[in-house]
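The values are calculated or read from the model by the stated rules, or taken from the named source; none is laboratory data. Since we're looking at a predicted model, the values are computed, not measured. Glycine also receives a Cβ, built like all others from the backbone with ideal geometry; neighbour counts cover every protein chain displayed.
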Amino acid sequence: MIFDQAVDSEAFGVDAQRMVDFISPRIIGQERAVRHIARSVAIHDSGMADPGGAAGVFVFAGPTGVGKTAMAEQLARFLVTDIPHAPLTRVQCGKFKESHRVAELISSPPGYVGSDKVPFLDQLNVDGPHFWAKAEEFLKRKRDVRDHLSRNKPNLKLTAQLYEHLKPYKSVILFDEVEKAHEDLHSLLLHIIDDGELGLGDGSLVRFENTAIILTCNVGGKHAQELLSGKTHNMGFASLEEDEGKRAKDIDEAIYRDTIALIEQRFAPELVGRVRNEIIVFRSLTREHSAVILDGLLQKVQQRLDERAARSRTEPIKLHFSAEVKEHLLKEGVSRTYGVRPLKHTVRKLITLRLVNALDSRGIAPGDEVMFRMRDGRPEVFRKPRSLPVAGAASE
């Protein structure tokens, strides 16, 4: 037999590419992380993954304010359902620093204190976001079931039947700041990662074969901040006068190398060994990335104005921003130490609040065009003149 036709085995399949196209525009500057996640999920969905494990296990590490939690939220929106509030099950690991608190996740055995409480990680809670999304869509199509529910109190038997009918479910669980949790929680994670299931206190099993598990980890975060802020000078980086792209690349490589080393020091070898190839160290964001994120935040302000106009059935207000205003917002809301985390608050304080004040004072009105320009060192609202002036806002 002759095998002479090369096949492009590097190209993403349709579903993996769909994930990349969905998440990349929403999580700026982390394309490498998105592609890593898409490859892992594609292997699971193809049926070619090792049997018995979770749909994917990822460790998100790296500097603060670069999109780790936002990545988890967008993955949930892609895998579960695309709604504004991410259908994500969160485990705040800082609440589970003591061994007895970890028991809340799986409940106590029968006869022990707490055995009567529903464990946080029971099957319905794990499947819950996707179950209710599916159920809502199902009930829209099944008027008789919807009418029955509207006439009666919540019916556990009917809910159970619906739950069985709509299986299977995809879900995403976020174990946030996993380094803060007691070692007992790390032991639970070993069972989930290895077996794809977890035994609860009552003897039942929770299965995670359709669940993506995400662990965010701030180990090395302080060191990353020092590198990004320039406090560490002995790394042989290019100076600020040299190519900024090269300097950023050098810093990212140092952060990656140091973060992996610190994770290996902090966690037990058996846990690190199982997730070693799925540790994703997020990159620091460049100024260009921050500018794109800022444009997205400003577009959301415009979107809220449009929604406000639609509710009140008035003409929308059109916003414009000068280049100087955008530069000011970036300067105030972005730092190499904290990333873009403060940017949302900066936009809220310097843009949204000024708009609200101008609206409340009737300085601007429906149908106006508004320009934010710098005056006296801060953004100010300027309204495009009309034939009839409106008091309370400066005019261009």
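Within the stretch 320-348, which residues are in contact with an Asp or Glu (Cβ under 8 Å, 6 or more places away or on another chain) and buried (at least 17 other Cβ atoms within 10 Å of the Cβ)? 346, the sole residue that qualifies. A count restricted to the stretch 1-55 and to residues that are more than 23 Å from the chain's Cα centre (by Cα) and acidic (Asp, Glu) stands at 4. When 32, 77, 39 are screened for being surrounded by fewer than 21 Cβ atoms within 10 Å (Cβ to Cβ), basic (Lys, Arg) and over 22 Å from residue 260 (Cα atoms), only 77 passes. Across the stretch 44-95, the qualifying residues are those that are part of a helix (DSSP H, G or I) and of a type in the set (S, T, N, Q), and the one among them that is farthest from residue 286 (Cα to Cα) is 74. Exactly one residue among 60, 96 is in contact with a Ser or Thr (Cβ under 7 Å, 6 or more places away or on another chain) and touching a residue at least 60 places away in the same chain (Cβ under 8 Å), and that residue is 60. Determine, yes or no, whether residue 140 is farther than 18 Å from residue 267 by Cβ, in a helix (DSSP H, G or I), modelled with pLDDT under 90 and of a type in the set (Lys, Arg). In short, yes.
Going through (1) modelled with pLDDT under 90; (2) part of a helix (DSSP H, G or I); (3) in contact with a helix residue (DSSP H, G or I) (Cβ under 7 Å, 6 or more places away or on another chain) one by one, residue 253 falls short only on (3).
Restricting the stretch 85-135 to residues that are among the hydroxyl-bearing types (Ser, Thr, Tyr) and modelled with pLDDT of 80 or more, the residue that is farthest from residue 201 (Cα to Cα) is 89. Taking the conditions exactly as written (assigned by TED's automatic domain parsing to the domain that holds residue 384 and among the β-branched types (Val, Ile, Thr)), does residue 293 satisfy them or not? For residue 293, the condition - assigned by TED's automatic domain parsing to the domain that holds residue 384 and among the β-branched types (Val, Ile, Thr) - is met.
In the stretch 352-396, the residue that is modelled with the lowest pLDDT out of those that are under 22 Å from residue 324 (Cα atoms), in contact with a Gly (Cβ under 9 Å, 6 or more places away or on another chain) and surrounded by fewer than 19 Cβ atoms within 10 Å (Cβ to Cβ) is 394.
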